[in-house]
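Here's a structure for you.
The values are calculated or read from the model by the stated rules, or taken from the named source; none is laboratory data. These numbers come from a predicted model, not from an experiment. Every residue, glycine among them, receives a Cβ derived from its backbone with ideal geometry; neighbour counts consider all protein chains shown. Accessible surface areas use protein heavy atoms only, side chains included; no ligands, DNA or RNA. Shrake-Rupley method; radii C 1.70, N 1.55, O 1.52, S 1.80 Å.
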Amino acid sequence: DQELKPEQLVLLLYDEPHEPKGYAIIKTWAQAINAAQPRVKLFEDPTSSDPTQVDPTVWPELDILCPNLPMLLGAPPSFRDFFAGLKQSGKELWFYSCSGPAKLLDPITYHRSQFWWNIKMGAQGSFYWAFGDEGGGSSWNAYMQKRTGYSPLFLAPDSVTDAKHMAAIREGVQVARAREQAADG
C-alpha cells in the first residue's frame with residue numbers, strides 16, 4: 001500500500017481536443033470524476049484554434065490546462081489572453097510542444113524558450129513529445145527513420161547520448177529554477 005492521495009492522480013481525459021465531440025466527452029467524464037473525488041486533478045491539452053468557442057462549462061471542470069506552446073505563440077493575442085485568464089481564475093497553466101523532426105528545430109527557440117514562456121506566463125509545467133521517440137529507426141541516421149523523430153536525444157539500442165536540444169531543455173529548467181529561487185529568497 002503506497003497510501004497515495006487523490007490529488008497525486010492526474011488524469012488526461014481526451015488527448016488534444018479540438019472538436020465539440022471531444023469537449024463533450026471531457027465534460028461528461030470530468031463532472032463524474034469531480035462528483036466522485038474532486039481532489040483528483042484533471043489535465044487537458046486543448047488544441048482548439050479558438051478556445052472561446054468551446055462550451056464554456058467545460059473549463060471550470062478542469063484543473064490543469066496545457067496548451068500547445070507553438071500554437072499559442074502563433075495565435076492572435078486573444079488566444080494567449082484566454083489561457084492567462086483561466087490561470088487567473090485558479091487553473092494551473094502548463095505548456096507542451098510536439099513539433100518535429102526535433103533535431104531540425106532551433107534548440108533555443110523551440111526547446112529552451114518554452115521555459116522562458118513558463119516564467120513569463122506563470123506556467124507550472126512543461127512537456128515535449130517525446131523523449132523516447134526516435135522515429136522508428138536510428139537517431140544516428142535520420143534517413144532510415146520510418147517517421148518523424150521527436151526525441152531531443154540520440155537514441156540507440158545500447159545508449160542514450162545528449163544532444164544540444166536536450167542541453168537547451170536543461171538550461172531552460174536551470175533558468176526557471178534560478179528565477180524561482182530568487183523570487184522565494
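Which residues, taken from region 78-101, are under 13 Å from Ile64 (Cβ atoms) and open to solvent by less than 50 Å² (accessible area, probe 1.4 Å)?
Answer for region 78-101, where residues must be under 13 Å from Ile64 (Cβ atoms) and open to solvent by less than 50 Å² (accessible area, probe 1.4 Å): Phe83, Leu86, Lys91, Glu92, Leu93, Trp94, Phe95, Tyr96.
Let me ask something else about it. Identify, by number, the condition in (1) open to solvent by 40 Å² or more (accessible area, probe 1.4 Å); (2) modelled with pLDDT of 95 or more; (3) outside any loop (DSSP other than H, G, I, E, B) that Thr109 doesn't meet.
(2)
Hey, another quick one. Here is a list: Glu134, Glu92. Which entry is closer than 23 Å to Ala182 by Cα, over 10 Å from the mean Cα position of the chain (by Cα) and not aromatic (Phe, Trp, Tyr)?
Glu92
Related question: Here is a check on your reading of the model: is Asp45 within 30 Å of His111 (Cβ to Cβ) and modelled with pLDDT of 95 or more?
yes
Give me the helices (runs of 4 or more DSSP H) completely within region 17-98, filtered to those with at least 3 residues that are closer than 21 Å to Gly122 by Cβ, ordered by residue number.
69-74, 77-88
For the structure I just gave you, tell me whether Arg170 is surrounded by 12 or more Cβ atoms within 10 Å (Cβ to Cβ) and either at pLDDT below 90 or more than 14 Å from Pro101 (Cα to Cα) (or both).
Against the criterion (surrounded by 12 or more Cβ atoms within 10 Å (Cβ to Cβ) and either at pLDDT below 90 or more than 14 Å from Pro101 (Cα to Cα) (or both)), Arg170 qualifies.
Can you give me the number of residues within region 119-163 that are at positive phi and either part of a strand (DSSP E or B) or touching a Leu at 6+ places or on another chain (Cβ under 7 Å) (or both)?
Counting residues in region 119-163 that are at positive phi and either part of a strand (DSSP E or B) or touching a Leu at 6+ places or on another chain (Cβ under 7 Å) (or both) gives 1.
Sticking with this structure for a sec: So is Arg179 modelled with pLDDT under 90, surrounded by fewer than 17 Cβ atoms within 10 Å (Cβ to Cβ) and not in a loop (DSSP other than H, G, I, E, B) or not?
Working: modelled with pLDDT under 90: yes; surrounded by fewer than 17 Cβ atoms within 10 Å (Cβ to Cβ): yes; not in a loop (DSSP other than H, G, I, E, B): yes.
Here the answer is yes, as Arg179 does meet what is asked.
Got at least one residue in region 152-160 being under 30 Å from Phe83 (Cβ atoms) and either of a type outside the set (A, V, I, L, M, F, W, C) or buried (at least 16 other Cβ atoms within 10 Å of the Cβ) (or both)?
So in region 152-160, the residues under 30 Å from Phe83 (Cβ atoms) come out as 152-153.
Now narrow it down to the ones that are either of a type outside the set (A, V, I, L, M, F, W, C) or buried (at least 16 other Cβ atoms within 10 Å of the Cβ) (or both): 152-153.
Within region 152-160, one or more residues are under 30 Å from Phe83 (Cβ atoms) and either of a type outside the set (A, V, I, L, M, F, W, C) or buried (at least 16 other Cβ atoms within 10 Å of the Cβ) (or both).
Open to solvent by 60 Å² or more (accessible area, probe 1.4 Å), touching a residue at least 40 places away in the same chain (Cβ under 8 Å) and closer than 24 Å to Tyr150 by Cβ: does that describe Leu104?
Values: open to solvent by 60 Å² or more (accessible area, probe 1.4 Å): yes; touching a residue at least 40 places away in the same chain (Cβ under 8 Å): no; closer than 24 Å to Tyr150 by Cβ: yes.
The answer is no for Leu104.
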